[in-house]
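Heads up, the thing below is written out as structure tokens.
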Amino acid sequence: MAENGEEKLIAVARHIAKTLGHTDTMTDDILQIFSNFDNRFREKLTDDQPLERTLKSLHRQISRHLSAQHPIWSDSAESAAFLDSVDQLLAVIHEWNPMANDKSVSASLDKADDLLQQAMFRLQDEFTTLMQRASESVDLTRHQNGGTNLGDYYESEEEEVDDDDDDSGEIPIAHPVTDYGILIEALPAGIISDLHEIAKRMVAAGYEKECSHAYSVSRREFLEESLSRLGLQKLSMDQVQKMQWNELEDEIEKWVKAVNVALRILFPSERRLCDRVFFGFNSVSDLSFMEVSRGSTIQLLNFADAVAISSRAPERLFKVLDVYEALRDLMPEFELMFSDQYCVLLRNEALTIWRRLGEAIRGIFMELENLIRRDPAKTPVPGGGLHPITRYVMNYIRAACRSRITLEQVFEEIVVPSASAVDYRDGDDRALSSSSLAVQMAWIMELLESNLEAKSKIYKDSALLAVFMMNNERYIVQKVKDSELGLLLGDDWIRKHAAKVKQYHVNYHRSSWSKVSGVLKIDNNAMSPTGASRSLKEKLKLFNSYFEEICKTQSTWIIFDEQLKEELRISVARALSPAYRNFIGRLQSNNDSSRHTERHIKLSVEDLEARISELFQGSSGSGGGRK
């Protein structure tokens, strides 16, 4: 480097001489004066081509490396010598650039640039070779967290497929784990150091894009193959939308696993590697990370977007919730990993798709509303049992409310001034208003009840209508009480609808048993014994007819809830048994009829209660059981 300093001093002397000299003779005189200070400079100052001579020397050195048929970095001494020659060339160009207006200097600098370009191309090749060589040798099965074996994360069938592939040239894969607190040591430390040294020279020479490209091509393949090993297919949005639902369910499960591994392990590891290779060059590091991760990120986001805009059939809710929750929980990682100028568009796209998934969930609930409205009131449920629409809707929203916190977030108005203001993790730590979701659920309940009331009008028997509504309303109340729905709808709602069940109970009694009970009423007006006996016998005959008809009919009716069934039987028995006992006693006490009493009394009080206990047994295949 001392020689370079000497060359620079000579160059400055020449520049001064040319600046001060008004003629060539004056310039020569000034150079002669400078040379008299030190005889060592005499020959060099009178040499008109010092830059050309330096470049020739560097050309010989660099050309020797460029012509090598083997990787330069296979020999540490050779690579160090090559980097030293490149450093000298960069220094010469930098030193002589201020004098580029001089024609001879400009011509020499053009040659220097050509030589530098050749050197950069070779460095780029060496950079790529190092990346490939490192990928072939690195062991990705053990990492920073005490040598955890990451291969255990994969499904056994995936491991069997992997065993069939013995291609030693295969790109190594990051073996995912359930423990996300790890970083993959993707390349050995020595290789990273060599890559950094090459990157420094290429950035200094203005070839940062070429260096970034060489880096990103290799690492991009690594990420894509890693996602493939997780079972994630490269599917277009159109392919996702056309998939059968059972196939899409499987793909969503794989996607949830893959997106968590990508955002929590693979991308942070790639970010760290970028920062180490391009240490000191933040912009290049950011650009390289974007180029590496963009394809995989778009693949992951496109899948989520396809799910968001696909069919909004109610049965898809739960898997769409899985996708929504996965993106929501990973938004902090998106904020952290994709916050620079190159990646911010990817972060914004993730936020947009997350919100679009929320819209899809709200759309699915709208479709559920339409399904309830469209369910026809054509065929009555046998025996007044539980209608399928009641069971479907209540089990559906009961299952949905297991994700109550998520649904609260979905149904809240998502209006924020900026992406940074979004609270992605709306868990139990955040006090959420339940009003929006509660209103939604109450509205679905109202639609369901209106639909059931329309269906009840099919029944011609008012008692059976009451049983039908009692069954369905009871089922609704029980499902609400036993789930998160109770928290949403509140105690007042439950009390109001429990009162409806009681009212249907009253309606049933009035429709079924009021006429029967009326027969047992005894007229206390003055009447001859013979007339009273005849009246009692006729009433008893009429009672037996009514009672037998009701029992025969209602034995096939259904009360799905055992407790309600027992309550109804007890209430009927309490209404009839005392009146019947009193009626029979009055009949037996009548002297005129005592000889023929037993012939007219077909049922004892015990027999009557036994017949009442046979009510609501249902018929085979009538359905209506509780589930």
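The values are calculated or read from the model by the stated rules, or taken from the named source; none is laboratory data. These numbers were taken from a predicted model, which means no experiment stands behind them. Cβ coordinates were reconstructed from backbone atoms using ideal geometry, including for glycine residues, and neighbour counts include every protein chain displayed. Just the protein is used for accessible areas: all its heavy atoms, side chains included, with ligands, DNA and RNA removed. Shrake-Rupley method; radii C 1.70, N 1.55, O 1.52, S 1.80 Å.
Residues that are in contact with a Leu (Cβ under 7 Å, 6 or more places away or on another chain) and under 13 Å from His505 (Cβ atoms) were ranked within region 471-481; the one that is least open to solvent (accessible area, probe 1.4 Å) is Asn471. If the condition is being in a helix (DSSP H, G or I) and open to solvent by 60 Å² or more (accessible area, probe 1.4 Å), then region 69-79 contributes Ser74, Ser76, Ala77.
Looking at the structure I just gave you, is Ser620 at pLDDT below 60 and assigned to a helix (DSSP H, G or I)? Answer is no for this residue. Of all residues in region 257-293, those that are of a type in the set (Lys, Arg) and without any contact (Cβ under 8 Å) to a residue 60 or more places away in the chain total 0.
In region 393-415, the residue that is farthest from the chain's Cα centre (by Cα) out of those that are open to solvent by 10 Å² or more (accessible area, probe 1.4 Å) and hydrophobic (A, V, I, L, M, F, W, C) is Val415.
Matching residues to (1) in a helix (DSSP H, G or I); (2) modelled with pLDDT of 95 or more; (3) under 31 Å from the mean Cα position of the chain (by Cα):
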{"site": "Glu185", "(1), (2), (3)": "no, no, yes"}
{"site": "Arg220", "(1), (2), (3)": "yes, no, yes"}
{"site": "Leu232", "(1), (2), (3)": "no, no, yes"}
{"site": "Val256", "(1), (2), (3)": "yes, yes, yes"}
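Which of the residues spanning region 579-603 are small (Gly, Ala, Ser), within 14 Å of Leu540 (Cα to Cα) and at pLDDT below 90?
Filtering region 579-603 for residues small (Gly, Ala, Ser) gives 579, 585, 589, 593-594.
Still in the list and also within 14 Å of Leu540 (Cα to Cα): 579, 585, 593.
The answer is Gly585, Ser593.
Contact annotation: residue pairs with Cβ atoms under 8 Å, 6 or more positions apart or on different chains, pairing a residue in region 392-404 that is under 13 Å from Phe365 (Cβ atoms) with a partner that is hydroxyl-bearing (Ser, Thr, Tyr), are Cys401/Ser483.
Do we have any residue at all in region 194-204 that's open to solvent by 60 Å² or more (accessible area, probe 1.4 Å), at pLDDT 90 or above, part of a helix (DSSP H, G or I) and among the hydrophobic types (A, V, I, L, M, F, W, C)? Within region 194-204 (the criterion being open to solvent by 60 Å² or more (accessible area, probe 1.4 Å), at pLDDT 90 or above, part of a helix (DSSP H, G or I) and among the hydrophobic types (A, V, I, L, M, F, W, C)), the answer is yes, since at least one residue qualifies.
The set of residues in region 285-322 that are out of contact with any Ser or Thr (no Cβ under 6 Å at 6 or more places or on another chain) and more than 30 Å from Ile397 (Cα to Cα) comprises Ser285, Asp286, Phe289, Met290, Ser293, Arg294, Gly295, Ser296, Thr297, Ile298, Gln299.
Within region 464-481, the set of residues being in contact (Cβ under 8 Å) with a residue 60 or more places away in the chain and of a type outside the set (A, V, I, L, M) comprises Phe468, Asn471, Asn472, Arg474, Tyr475, Gln478, Lys479. Filtering Thr390, Thr352, Thr379 for residues that are buried (at least 22 other Cβ atoms within 10 Å of the Cβ) and of a type in the set (Ser, Thr, Tyr) leaves a single hit, Thr390. Go through the residues of region 241-259 one by one and say whether even a single one is of a type outside the set (Asp, Glu) and touching a Ser or Thr at 6+ places or on another chain (Cβ under 7 Å). Yes. Applying a threshold of 8 Å to beta carbon distances and a minimum spacing of six or more residues, or different chains, the list of pairs starting in region 309-329 at a residue that is among the basic types (Lys, Arg) and ending at one that is surrounded by fewer than 18 Cβ atoms within 10 Å (Cβ to Cβ) and in a helix (DSSP H, G or I) reads Arg312/Gly363; Arg312/Met366; Arg312/Glu367; Arg316/Trp245; Lys319/Glu249. Looking across Leu447, Leu437, Leu452, one residue alone is surrounded by 19 or more Cβ atoms within 10 Å (Cβ to Cβ) and either at pLDDT 95 or above or not in a helix (DSSP H, G or I) (or both). It is Leu452.
Selection of first residues in region 91-112 that are among the charged types (D, E, K, R) and of second residues that are open to solvent by 70 Å² or more (accessible area, probe 1.4 Å), restricted to Cβ pairs under 6 Å at least 6 apart or on distinct chains, gives the following pairs, ordered by first then second residue: Glu95/Lys8.
Any chance region 286-295 includes a residue that's polar (S, T, N, Q), open to solvent by less than 10 Å² (accessible area, probe 1.4 Å) and part of a helix (DSSP H, G or I)? Within region 286-295 (the criterion being polar (S, T, N, Q), open to solvent by less than 10 Å² (accessible area, probe 1.4 Å) and part of a helix (DSSP H, G or I)), the answer is yes, since at least one residue qualifies.
Within the option set Ile298, Ile252, Ile265, being open to solvent by 40 Å² or more (accessible area, probe 1.4 Å) and either within 17 Å of the chain's Cα centre (by Cα) or at pLDDT below 95 (or both) holds for one residue only, Ile298.
Taking helices (runs of 4 or more DSSP H) as the structural unit, those lying wholly within region 461-571 and holding at least 1 residues that are modelled with pLDDT of 95 or more and in contact with a Lys or Arg (Cβ under 6 Å, 6 or more places away or on another chain) correspond to 462-481, 485-519.
In the set (1) under 30 Å from Glu473 (Cα atoms); (2) surrounded by fewer than 16 Cβ atoms within 10 Å (Cβ to Cβ), Gly385 fails one condition alone, (2).
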